[in-house]
Number of protein chains: 2
Amino acid sequence: MAATFAVATQAEPVRIELAERSYPIFIGAGLLRAPEPWAWLPQAAAAVIVSNVTVAPLYAQRLQARLRGRYPAVHTVVLPDGEQHKNWSTLNRIFDTLLQQHCDRKTVLIALGGGVVGDITGFAAASYMRGVPYVQVPTTLLAQVDSSVGGKTAINHPLGKNMIGAFHQPRLVVCDLDTLRSLPARELSAGLAEVIKYGPIADMAFFDWIEANLDALVARVPTALAGAVRRCCEIKAAVVGRDERESGLRAILNFGHTFGHAIEAGLGYGEWLHGEAVGCGMVMAATLSQRLGGVDAAFVQRLTRLLRAAGLPVKGPRLADNNAGRYLELMRVDKKADGGKLRYVVLEQPGRAALRDAPDALVREVIDACCA
Amino acid sequence: MAATFAVATQAEPVRIELAERSYPIFIGAGLLRAPEPWAWLPQAAAAVIVSNVTVAPLYAQRLQARLRGRYPAVHTVVLPDGEQHKNWSTLNRIFDTLLQQHCDRKTVLIALGGGVVGDITGFAAASYMRGVPYVQVPTTLLAQVDSSVGGKTAINHPLGKNMIGAFHQPRLVVCDLDTLRSLPARELSAGLAEVIKYGPIADMAFFDWIEANLDALVARVPTALAGAVRRCCEIKAAVVGRDERESGLRAILNFGHTFGHAIEAGLGYGEWLHGEAVGCGMVMAATLSQRLGGVDAAFVQRLTRLLRAAGLPVKGPRLADNNAGRYLELMRVDKKADGGKLRYVVLEQPGRAALRDAPDALVREVIDACCA
C-alpha cells in the first residue's frame, strides 16, 4: 500500500481529497504565528474558539491574535478537560455560547486542543443550525495524527463511546508542532500509539523509520515529530479519501480500537488514555492476527517491544472475573459490531490490514493471553 | 414555476431526486396495511419505531405487523407528546433504547407521528453511530406535506427552535391518509396552513384548487386530502431536489416561518401550534410583500380569508410592550438571520417567492399592523 502514497515536501500541506469537501492539513513549527495557513479560513461574521482549561491559557491568545484581523467578532468557549466531559452537557455549553452571541450559520468554530475538544467541537459544528464550518487546531500528538483529520466527530453516551456524532469534514487543519512541547509525557506516549499504528496497517517502511527514530520522537525533536505527523496524515488522507464514511477500507484505521474501546469502557472513560488503550488493543489485535496466520510471533514481539519503548502499557487490564467474557460484552456494544456480529481489524501481513470475523473462543484465548 | 412540476398518477410515489440519497413518498389511504411501500425498507437486523403517547396506541401495532416479517427484531420507543418535548432529554431516550438493545449502525429508525416525532427521530438517525437509515411515517397533515419530506431534522434549544440538527434524508416516506382521521381539528387546520403556503410561493393554480376544495379538505374527504398532500410533496420534491441544504431556493419553503418562529418563541413553544404561527406569519410576510410591491392588497386579503376559512388565527399575538421590537429580537436569533442581518421570504408576485432584505422600520410597521 505504501507505494501508492504521494510524498509531499515539508513546506506543502497534506491534502485530504474529498471533492467539494477537500481541505489542507498544515504541519510545522510556529504555525500559530505564521500567516500562511490562516488564509484558508472561511469568511464569516464571527469565529468561536473552543478549547479547554488546560490548553486555553497556553495558546488561546496566540490564536485569537491570528483571528482578530479576519473576523469582526471572536469568542472563546473554555470547556473542562478530560474524556469524562465528552458528553452532551459539555457540548451544550458550546451551543449556549453560540446562541447567546447570536452566531449565524456561517460562524466558524475552531477546535483548539486534543481529541476530546476536536470531537466535541466538530459535532457542535455538524449540528449547530444543521451545520457550520469548523477548523481543527490539534495540540496533542494523538489529535494531530488521528482524530482531527478525517471528519469523524462525536460525544460519548453513558452506554458507549463516540455513539452520538456525525461525519463532518473540517475546512482546515493546522498542526503547530510547538504545541507538543507542553504535552505531558504520558500523552505523548498515547499519541505515539496511533503513530505506530500506521506501520502495521499500511506502511512497514514507516514502521522501520519509527523504530529508528523513537528516541528522537520521545525527546520531541521537531524534525522527527514533523516527519511522523506528516506521514500519518498522508496515510490517513489516502484512506479517508477513498472511504469517507467508513463503509470498508477506513475501518483499518481502527486497528486495535475494538479491544481498546472495551478497555476504556470497562475501566471507565478517562482511567486509561485512549492511546494507551489502543496500544494494548493493538497487541491483542496483532496476537489475533498471528492466530489467524497473518503475522508471526516475531512480528507481535516486535510491535510489543516498540509500544513498550514508547512508554505504553502492553498488557491489558483484567475486567471482572470473567475477563474475556466482559471484553466481548463491551465490544459487542461497539459501533463496529454489525448485526451483533463482531468483526476485527486484523493484519493479513505486516503492512496490510483487513476486517475479518473470528470465532469467540479464539478471541477469548487471545484476550486472556494478553491481559495482566 | 408550476409548469416545471411533473404530474404523477395517484398510484405512483412522488420521488425526491437526490442522486444516491433519492427516495419515494407513498401517498394513499390504507398504506399501513398495504404491502407495496414497505418493499422499500432497507435491510437490517433490527428496526426501532419511534412514536409518542398519542399516536402509538392508534397505529403502532399496525406498523409493527408490517415490520415483523422483515426484521428479526422490532423495538418501539414511546415519547411524550408535544413541541415542548422536542429537546435533548427526549432525544436521549431514543439513544438509550438503541444502546440497551445493542442496535448496530444498520438499524432502521421509523418515525411514526407528527413533525416533532419526525424531527427528533431524524436527528437521532443522523447522529446515532454517526448515521443510520430512517423512514418517515407522518400521521399529521403538517408532517405529510412538510416536515417529513426533505431531510431537515432537529431538536430545540432553550434559546431557539430547531437550532441543533442535521440534514439527513429518509429512505422512504409513507403518508397513510387514514391516519389523518384521528387528527384533532386544530391540528388539521395547522397542517392546512402549510398546504396553503405552497400556493403563494410556487403554484397559484394549486391555490385556486385549495380555495375550491377547502370544505372537502376540512371535512377530510380522502380524495381531497390525497390531492393536497401529493401536490405539496411534488412542489417540495422539486425545490429540495434543486437545493438539498438550503443554500438558496429552498428558503422559499420558509415563507411565513421567520415571523412564525418569533410567535412560537415569544409565546413559549407549544402555546401556538407551528402551523398556526406559520399561518399568521404568512399574513405578515404577505403584508411585507405588499409594502415591497410584489403583491396587491387584494391578494393579501385573499390569502388571509383562506387561512381564516381553514380555521387559523390571522392576527399575531402581541409580544411584550415593544411588540415589533420583541419580534425583531426573536427573529434575529433565527437561523435565517445571516451575520445579524435578517432576510425575509417575500412574494415577488403571486406564485413566486424570493429571499430579500427589508428595512427594520418597514418590518416593524408590518408587524404592528398584523398584530391583535
* Of all the residues that make up the range A:22-54, how many are in contact (Cβ under 8 Å) with a residue 40 or more places away in the chain, over 16 Å from A:ASP176 (Cβ atoms) and surrounded by fewer than 14 Cβ atoms within 10 Å (Cβ to Cβ)? -> 1
* **Positions within the range B:257-290 being crowded, with 19+ Cβ neighbours inside 10 Å and outside any helix (DSSP H, G or I), in sequence order** => B:TYR269, B:TRP272, B:LEU273
* Structure fact -> Among B:GLY270, B:GLY281, the single one that is touching a His at 6+ places or on another chain (Cβ under 7 Å) and either of a type in the set (Asp, Glu) or not assigned by TED's automatic domain parsing to the domain that holds B:VAL149 (or both) is B:GLY281
* **Within the range A:257-279, considering residues that are small (Gly, Ala, Ser) and closer than 19 Å to A:LEU328 by Cβ, the one farthest from the other protein chains (Cβ to nearest Cβ)** => A:ALA277
* To do: Would you point out the residue of the range A:55-76, among those that are in contact (Cβ under 8 Å) with a residue 40 or more places away in the chain and out of contact with any helix residue (DSSP H, G or I) (no Cβ under 9 Å at 6 or more places or on another chain), that is farthest from A:VAL174 (Cα to Cα)?
  => A:ALA56
* Check on B:ASP81, free of Cβ contacts under 8 Å to residues at least 40 places away in the same chain and surrounded by 14 or more Cβ atoms within 10 Å (Cβ to Cβ) -> yes
* Selected residue (only one of B:VAL132, B:VAL174, B:VAL108, B:VAL137 is within 13 Å of chain A (Cβ to nearest Cβ), touching a helix residue (DSSP H, G or I) at 6+ places or on another chain (Cβ under 8 Å), under 21 Å from B:ARG66 (Cα atoms) and not polar (S, T, N, Q)) -> B:VAL132
* Asked: Would it be correct to say that B:VAL345 is more than 11 Å from chain A (Cβ to nearest Cβ), closer than 13 Å to B:GLY256 by Cβ, in a helix (DSSP H, G or I) and modelled with pLDDT of 95 or more?
  -> no
* **Conditions (1) of a type outside the set (A, V, I, L, M, F, W, C); (2) surrounded by fewer than 23 Cβ atoms within 10 Å (Cβ to Cβ); (3) in contact (Cβ under 8 Å) with a residue 24 or more places away in the chain: number failed by B:ASP215** => (3)
* Return a yes/no flag: does the range A:239-256 have any residue that is part of a loop (DSSP other than H, G, I, E, B), more than 14 Å from chain B (Cβ to nearest Cβ), out of contact with any strand residue (DSSP E or B) (no Cβ under 6 Å at 6 or more places or on another chain) and without any contact (Cβ under 8 Å) to a residue 40 or more places away in the chain. => no
* **Test: residue in the range A:107-128 that is free of Cβ contacts under 8 Å to residues at least 60 places away in the same chain, part of a strand (DSSP E or B), in the same structural domain as A:PRO72 (by TED's automatic domain parsing) and buried (at least 24 other Cβ atoms within 10 Å of the Cβ)** => yes
* Could you tell me which of the residues A:ILE196, A:ILE164 is hydrophobic (A, V, I, L, M, F, W, C), within 14 Å of chain B (Cβ to nearest Cβ) and within 22 Å of A:ASP243 (Cα to Cα)? => A:ILE164
* Test for A:ASP96: is it within 24 Å of B:ARG332 (Cβ to Cβ), of a type in the set (Asp, Glu) and modelled with pLDDT under 95 -> no
* Counting only residues that are surrounded by fewer than 21 Cβ atoms within 10 Å (Cβ to Cβ) and within 29 Å of B:VAL346 (Cβ to Cβ), how many does the range B:167-186 have? -> 2
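The values are calculated or read from the model by the stated rules, or taken from the named source; none is laboratory data. Small disclaimer: the values here were computed from a predicted structure and weren't measured. Note: ideal-geometry Cβ built from the backbone for every residue, glycine included; neighbour counts use all protein chains shown.
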